[in-house]
Amino acid sequence: MREIEGRIFAAGMPVAALMEKVAKLIASRIEALYPSTNTRRVGVLVGPGHNGGDALVVARELHFQGYEVVVYRPISKLKELTSQHAQYADSLGILCYEQIEQLQDCDLIIDGLFGFGLERALEGPIASAINQLNEWSKLVISIDLPSGLHTDTGEVLGTAVRPARTFCLGLWKLAFLQDQALEYVGTAELIDFDVPLADIWAVLGPPKLKRVTKTAAIAYLPIPRAPVTHKYKQGHLLLICGSHKYGGGAILSGLGARASGVGMLSIAVPEYLKPLLLAQLPEALIIGCPETETGAIASLPDIELASFSAIACGPGVTKDATSVVEKVLASDRPLILDADGLNILAELGTIPTLSKRQAATVLTPHGGEFKRLFPLGDPTKDRVQLVREASKLSGATILLKGARTAIANPSGSVWIVPESTPALARGGSGDVLTGLMGGLVAAASSKALPLEEVVQSAAWWHAQAGILASQERTELGVDAYTLTQYLMAVVREGVE
Ligand SMILES: NC(=O)C1=CN([C@@H]2O[C@H](COP(=O)(O)OP(=O)(O)OC[C@H]3O[C@@H](n4cnc5c(N)ncnc54)[C@H](O)[C@@H]3O)[C@@H](O)[C@H]2O)[C@H](O)CC1
Ligand SMILES: [K+]
């Protein structure tokens, strides 16, 4: 952002003019959201840099719009432009304090302490003031970024403001897509101040980090179908799932695959589960498999793996299905591995095993599985960087599940699903995703679509179904079976 901004300034845009433009946009949003008729007194936190400068321009504008504005300015040494705005605010009679307590009776607090210029952990009186502010539980909105968060990793540096809303300026900062920042940022909104595309490209090159959008996700769904087609042209998925211990996972993946519209669905399960699966999914070919003593799939009976368009393996298989996982890894079919499929892979050795594969592989771990697969660091920290490294190391497409699911391909590109719901944090919802994705990958295989685009599409679809279901049924009403019932509605709304 700093480099992009530098190009804009070098091209002739005055710094002060950009600050005016940005701050006016912020002030208008505040006026629209919190009219002065019911938000009388506004406290503005002003830091030493241009984040503080933005805040002072907002303070000035709100003052002229009839709000009663007071400023908290803990650091007296300011950057030049910020200092000029501070001087002008003083001249208008806007009161300025060095103690946060003076803002305790405000109806709204605007946080302009630090933006992307935060260099080190917050400590001392400023940290105490932020902690005090958080304890008040007032309505707070942050400019650009909650003060105290690292712009890229989203890590809390010392302490951080917890606003109800954040106005991110210009381009989404990476922090907004990192799980660890989410409980701080509140509702995030982008204030678009017309950053020229040429400057973005000049600094970032072709986008290496993408927010998954509805348009992109829908574009990689296998619709509309060709008017003349047949079932095998729409893909044939082999799902390998289930055990005596985990029977439901097989059904849920099957229902996920059904929703993908895949042309043919074969489901390999332990022999004992066969009648159950047949009853739930009459359209599927159910393959009953020999079982281990523990009730896992011991081996795949005589089936030609090469006859499938894709294989998805893992939900409910338990860690005793090692030989089956070895067999699918040795196949030359696009493969999605999930759940215990991943734990078995971790034991077999992730990187040496995957590098032998002749077809594309997708791994869909949650944080715990990721850690076992790739001992790269704490997956709750900089998830974007970790998933990128893991994909490069393994040569597989990796989908790291979380509040902001991140998908990386081996060339270093990362996709992030920017909207989801905590309603999906529930047993079985991952099984649905595996089936859904498997169906889409199978359907796409004949069209040579880039695998990671299909994966992002599946992840978006799954998240949107969760959102829709939780809107209708509350966050408690989205069990995995119900989730499968909402998948169709998402696509129907998307293509309308
Ligand atoms: N392109 C844009 O997005 C625009 C951004 N604007 C705003 O400018 C800030 C970034 O401004 P900058 O002056 O570079 O940084 P900050 O205001 O975040 O703060 C830097 C300031 O703070 C001092 N400092 C850093 N860390 C600490 C610390 N731990 N304790 C105390 N002091 C610290 C540092 O020395 C500097 O003096 C961006 O976020 C936007 O809000 C433009 O106004 C419009 C375009
Ligand atoms: K801020």
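The values are calculated or read from the model by the stated rules, or taken from the named source; none is laboratory data. All figures in this text were calculated on a predicted structure; none of them were measured in a lab. Glycine gets a Cβ as well: all are built from the backbone with ideal geometry, and neighbour counts include every protein chain shown. These accessible areas exclude ligands, DNA and RNA; they are computed on the full protein's heavy atoms, side chains included. Shrake-Rupley method; radii C 1.70, N 1.55, O 1.52, S 1.80 Å.
Within the stretch 5-20, which residues are more than 16 Å from ligand 2 (Cβ to nearest atom) and within 21 Å of ALA86 (Cβ to Cβ)? Hits for the stretch 5-20 are PRO14, VAL15, ALA16, ALA17, LEU18, GLU20. What about GLY438, is it free of Cβ contacts under 8 Å to residues at least 60 places away in the same chain and open to solvent by less than 10 Å² (accessible area, probe 1.4 Å)? Judged against the criteria, GLY438 is not a match.
Within the stretch 129-140, restricting attention to residues that are within 18 Å of GLU155 (Cα to Cα) and surrounded by fewer than 20 Cβ atoms within 10 Å (Cβ to Cβ), the residue that is farthest from ligand 2 (Cβ to nearest atom) is ASN131.
For the stretch 401-411, the set of residues classified as in contact with a Ser or Thr (Cβ under 8 Å, 6 or more places away or on another chain) and either modelled with pLDDT under 95 or open to solvent by 20 Å² or more (accessible area, probe 1.4 Å) (or both) consists of LYS401, ALA403, ARG404, THR405, PRO410, listed by residue number.
Return yes or no: is ILE286 within 20 Å of LYS231 (Cβ to Cβ) and either touching an Asp or Glu at 6+ places or on another chain (Cβ under 9 Å) or open to solvent by 10 Å² or more (accessible area, probe 1.4 Å) (or both)?
Working: within 20 Å of LYS231 (Cβ to Cβ): yes; either touching an Asp or Glu at 6+ places or on another chain (Cβ under 9 Å) or open to solvent by 10 Å² or more (accessible area, probe 1.4 Å) (or both): yes.
So ILE286 fits the description; yes.
Are any residues in the stretch 141-164 without any contact (Cβ under 8 Å) to a residue 40 or more places away in the chain and open to solvent by 10 Å² or more (accessible area, probe 1.4 Å), and if so, which ones? Answer for the stretch 141-164, where residues must be without any contact (Cβ under 8 Å) to a residue 40 or more places away in the chain and open to solvent by 10 Å² or more (accessible area, probe 1.4 Å): HIS150, VAL156, LEU157, GLY158, THR159, ARG162, ALA164.
Just checking, which of ALA23, ALA59, ALA86 is within 15 Å of ligand 2 (Cβ to nearest atom), touching a strand residue (DSSP E or B) at 6+ places or on another chain (Cβ under 8 Å), among the hydrophobic types (A, V, I, L, M, F, W, C) and open to solvent by less than 50 Å² (accessible area, probe 1.4 Å)?
Details: ALA23 fails: touching a strand residue (DSSP E or B) at 6+ places or on another chain (Cβ under 8 Å); ALA86 fails: within 15 Å of ligand 2 (Cβ to nearest atom).
So the residue among ALA23, ALA59, ALA86 that is within 15 Å of ligand 2 (Cβ to nearest atom), touching a strand residue (DSSP E or B) at 6+ places or on another chain (Cβ under 8 Å), among the hydrophobic types (A, V, I, L, M, F, W, C) and open to solvent by less than 50 Å² (accessible area, probe 1.4 Å) is ALA59.
Just one of (1) over 23 Å from ARG2 (Cβ atoms); (2) within 16 Å of ligand 1 (Cβ to nearest atom); (3) outside any helix (DSSP H, G or I) fails for ALA89. It is (3). Of all residues in the stretch 178-195, those satisfying the criterion of being away from ligand 1 (no atom under 12 Å from the Cβ) and either closer than 18 Å to LEU18 by Cβ or open to solvent by 10 Å² or more (accessible area, probe 1.4 Å) (or both) are ASP179, GLN180, LEU182, GLU183, TYR184, GLY186, THR187, ALA188, GLU189.
Each residue in the stretch 103-127 was checked for being among the aliphatic types (A, V, I, L, M) and either within 10 Å of ligand 1 (Cβ to nearest atom) or closer than 17 Å to VAL156 by Cα (or both), and 6 pass.
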